[in-house]
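The values are calculated or read from the model by the stated rules, or taken from the named source; none is laboratory data. On a predicted model such as this, the values are computed, not experimentally measured, just so you know. No Cβ is skipped: glycine too gets one built from the backbone with ideal geometry, and neighbour counts run over all protein chains shown. Quick note on the areas: whole protein, heavy atoms, side chains included, nothing else; ligands and nucleic acids left out. Shrake-Rupley method; radii C 1.70, N 1.55, O 1.52, S 1.80 Å.
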Amino acid sequence: MTKADLVNEIAKSTGIERTAVIETVEKFMEVVKDSLANGENVYLRGFGSFIVKVRKEKTARNISKETTIIIPEHKIPAFKPAKVFLEEVK
């Protein structure tokens, strides 16, 4: 399902104008991105959590050049589904 499909489904089931739904979905994604960029997790009870994970520093190898590089510690966004969500998907 794409973002357009999601918007169409919400607009159809709620009766809200498609433009208003697009605006709301875009704003939701913007708020989640901004929160994660600021190191804040987003918790949606019954759905899941958008969290920031920290990947530790590690050594990587380039086999073709026979060199090693150090990949510094960095943060990545992640989604952790709620137990209710997982049970429904199973």
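Taking the alpha-carbon centroid of each part, what is the distance from the range 58-88 to the range 2-51 in angstrom? So the separation of the two Cα centres works out to 25 Å. The phi-based Karplus calculation (6.51 cos²θ - 1.76 cosθ + 1.60; θ = phi - 60°) puts the 3J(HN,Hα) values of the range 40-51 at 9, 7, 10, 10, 10, 4, x, 10, x, 10, 8, 10 Hz, whole numbers, x for Gly and Pro.
Among the GluC sites (Glu not before Pro) within the chain, which fall in a DSSP loop and have no more than 14 other Cβ atoms within 10 Å of their own Cβ? Could you put the intermediate results ahead of the total?
On the way: sites: Glu9, Glu17, Glu23, Glu26, Glu30, Glu40, Glu57, Glu66, Glu73, Glu87, Glu88; in loops: Glu17, Glu40, Glu57, Glu66, Glu73.
Filter output for the chain: Glu17, Glu40, Glu57, Glu66, Glu73.
Modelled spin-label separation between Glu26 and Ile71, with each label point placed 7 Å from Cα along the Cα-to-Cβ direction: 3.4 nm. If every alpha-carbon in the range 11-90 counts as one equal scatterer, what log10 I(q)/I(0) does Debye give at q = 0.25 1/Å? Here the Debye-derived log intensity ratios amount to -1.10.
Whenever you get a sec, compute what percent of the accessible area on the chain sits on carbon and sulfur atoms (1.4 Å probe).
Numbers: 4320 of 7790 Å².
The computed percentage sits at 56.
In square angstrom, what is the accessible area per residue of the chain with a 1.4 angstrom probe?
Value returned for the chain: 87 Å² of accessible area per residue.
Residue by residue, the range 2-8 carries 3J(HN,Hα) couplings of 8, 4, 5, 4, 4, 4, 4 Hz when phi is fed to the Karplus relation 6.51 cos²θ - 1.76 cosθ + 1.60 (θ = phi - 60°); x denotes Gly or Pro.
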